[in-house]
Amino acid sequence: MNIRQQFQQYFGKECRIAEAPGRVNLIGEHTDYNQGFVLPGAIDKKIYVALAANADHILKLNALQYNEQYSFSLDDMHPVKGWPTYLLGMIAMVMPEKRLPQGMDIMITGNVPVGAGMSSSAALCSAMGLALNEIFQLGLSRMDIALAGQKTEQQFAGLQCGIMDQFASLHGKAGHLMKLDCRSLEYEYMPFHFPEIRIVLVNSMVSHTLASSEYNIRRQQCEAGVKVLQKRDPSILSLRDADLKQLEAQRKEMDETVFKRCRFVLEENQRLQDACDSLTRRNLDDFGKLMYASHAGLSKDYEVSCPESDYLVKTIKEIKAVKGARQMGGGFGGCIISLVEKNEAETFIQAIQEKYAVEFGKRPECYIMNIDDGARMESVIV
Ligand code: GLA
């Protein structure tokens, strides 16, 4: 049964449906909240939100994949535990007076793996924001909705995230990556048309419970680095404004950990620029090397990797059919993104699944991803 039929069966009425994708990020990790650059693309795994008005003056929620139901009073838009917080947050962020003018029935479902670094929560926020914008004619732009999603993540889920995930979910374009300048919010679509290559995600199946607290600490460490750099040059407002020479010059003034965090961010921004150049030259060998270098930095300087991710990248690197690989997203597990020769993709998946299972006693899920369009109202029926 698709979500429209399920909604009809459960709530007994017609609904509107919004869908929003998760994302991959090819390179440029932990750069967004440092006002740097990212290179994401929306994917063909999505979250679906189905909605209709009710006359009961309450918000009724049903998540199909968890078989969980909740109801909230319309005046209750404050953070809660679990997935409903993203829906409540979006209502609070986009609706006039932070509340719905009428009761609503909402059902959600989807196939973006949760806790895998593929931004299922950003997809949920984006679908909800798009639906509210459409139903209540709020006149918001896609960027407004992305910013509301970011605020929801920060204020309703406690993750001091950047804008990459929400942006990508709302602005995706099939066959294209997006080079986003996270300071100006200007972006450029970059074709990613390599028929001989597949983007394969290998899920480490590790979803670290400390991920969000460690993430917030990384952000603070970068801000601490900026404060030290500012003492010498007050025009430095973020790591975007500094270069490696300036950082080196202030090294003695800062904690060594803070230095390493900042070095990673500056190098990662440079890697992203170089990666975009190699994309333009259609040189995926160079692109892949930058991905491996990105992972090394994430692991050693930024320290957001874990033994499972390091094992996967090291093992994948030995496979000839792979151009490049690295851990993707916030860190501490989740997925490894890799670029694999099309004809070898299935063999690659089998080999990595077997090796990982021997080493860690669990079988990693693998997904071959296509770069797809961003969020939209009622189209595909699940
Ligand atoms: C998470 C955050 C993003 C970004 C990445 C790391 O996905 O939501 O804003 O910071 O981590 O690049």
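The values are calculated or read from the model by the stated rules, or taken from the named source; none is laboratory data. Only a predicted model underlies this, so the values are computations on that prediction, with no experimental measurement involved. Note that each Cβ is placed from the backbone with ideal geometry, even for glycine, and that neighbours are counted across all protein chains shown.
Odds and ends about this structure:
- Those residues of region 182-200 which are surrounded by 14 or more Cβ atoms within 10 Å (Cβ to Cβ) and either part of a loop (DSSP other than H, G, I, E, B) or out of contact with any strand residue (DSSP E or B) (no Cβ under 8 Å at 6 or more places or on another chain) (or both), in sequence order: CYS182, ARG183, PHE192, PHE194
- The criterion of being in contact with a Ser or Thr (Cβ under 7 Å, 6 or more places away or on another chain), within 13 Å of the ligand (Cβ to nearest atom) and either closer than 30 Å to THR280 by Cα or at pLDDT 95 or above (or both) does not hold for ASP241.
- Cβ-Cβ under 6 Å pairs, at least 6 apart or on other chains, region 265-276 side of a type in the set (Gly, Ala, Ser), far side modelled with pLDDT of 95 or more: ALA275/ILE27; ALA275/PHE287; ALA275/LEU290
- Answer residue from region 331-370, given it is buried (at least 22 other Cβ atoms within 10 Å of the Cβ) and among the small types (Gly, Ala, Ser) and is farthest from the ligand (Cβ to nearest atom) among those: SER338
- Options LEU147, LEU130; residue that is crowded, with 22+ Cβ neighbours inside 10 Å and either among the basic types (Lys, Arg) or out of contact with any Leu (no Cβ under 6 Å at 6 or more places or on another chain) (or both): LEU130
- Total residues in region 6-15 satisfying the condition of being surrounded by 11 or more Cβ atoms within 10 Å (Cβ to Cβ) and either assigned to a helix (DSSP H, G or I) or aliphatic (A, V, I, L, M) (or both): the figure is 5.
- Qualifying positions in region 156-181 - hydrophobic (A, V, I, L, M, F, W, C), part of a loop (DSSP other than H, G, I, E, B) and either near the ligand (Cβ under 8 Å from one of its atoms) or buried (at least 23 other Cβ atoms within 10 Å of the Cβ) (or both): LEU159, CYS161, ILE163
- Residues considered: ASP44, ASP76. Of these, the only one that is part of a strand (DSSP E or B), out of contact with any Gly (no Cβ under 6 Å at 6 or more places or on another chain), closer than 28 Å to PHE167 by Cα and away from the ligand (no atom under 16 Å from the Cβ) is ASP44.
- Some residue of region 129-149 being closer than 20 Å to ALA63 by Cβ, within 11 Å of the ligand (Cβ to nearest atom), touching a residue at least 12 places away in the same chain (Cβ under 8 Å) and not aliphatic (A, V, I, L, M): yes
- In region 106-122, of all residues being within 20 Å of LYS60 (Cα to Cα) and either assigned to a helix (DSSP H, G or I) or of a type in the set (S, T, N, Q) (or both), the one that is farthest from the ligand (Cβ to nearest atom) corresponds to THR109.
- Residues of region 201-213 that turn out to be exposed (fewer than 15 other Cβ atoms within 10 Å of the Cβ) and either on the phi > 0 side of the Ramachandran plot or not hydrophobic (A, V, I, L, M, F, W, C) (or both), as a count: 2
- HIS30 satisfies every condition listed in (1) within 18 Å of the chain's Cα centre (by Cα); (2) more than 26 Å from GLN154 (Cβ to Cβ) except (2).
- Selection within region 75-100 - over 25 Å from the mean Cα position of the chain (by Cα) and surrounded by fewer than 16 Cβ atoms within 10 Å (Cβ to Cβ): ASP75, ASP76, PRO96, GLU97, LYS98, ARG99
- Answer from LEU51, LEU64 - the residue that is aliphatic (A, V, I, L, M) and modelled with pLDDT under 95: LEU64
- Any hit, region 224-236, residues being at pLDDT 95 or above and closer than 18 Å to GLY22 by Cβ: no
- Some residue of region 195-203 being more than 29 Å from TYR48 (Cα to Cα) and modelled with pLDDT of 95 or more: yes
- Whenever a residue of region 183-203 is more than 13 Å from ILE368 (Cα to Cα), its partners that are modelled with pLDDT of 95 or more and part of a loop (DSSP other than H, G, I, E, B), lying with C-beta atoms within less than 6 angstrom and at least six residues away or across chains, give the pairs ARG183/GLN35; HIS193/GLY175.
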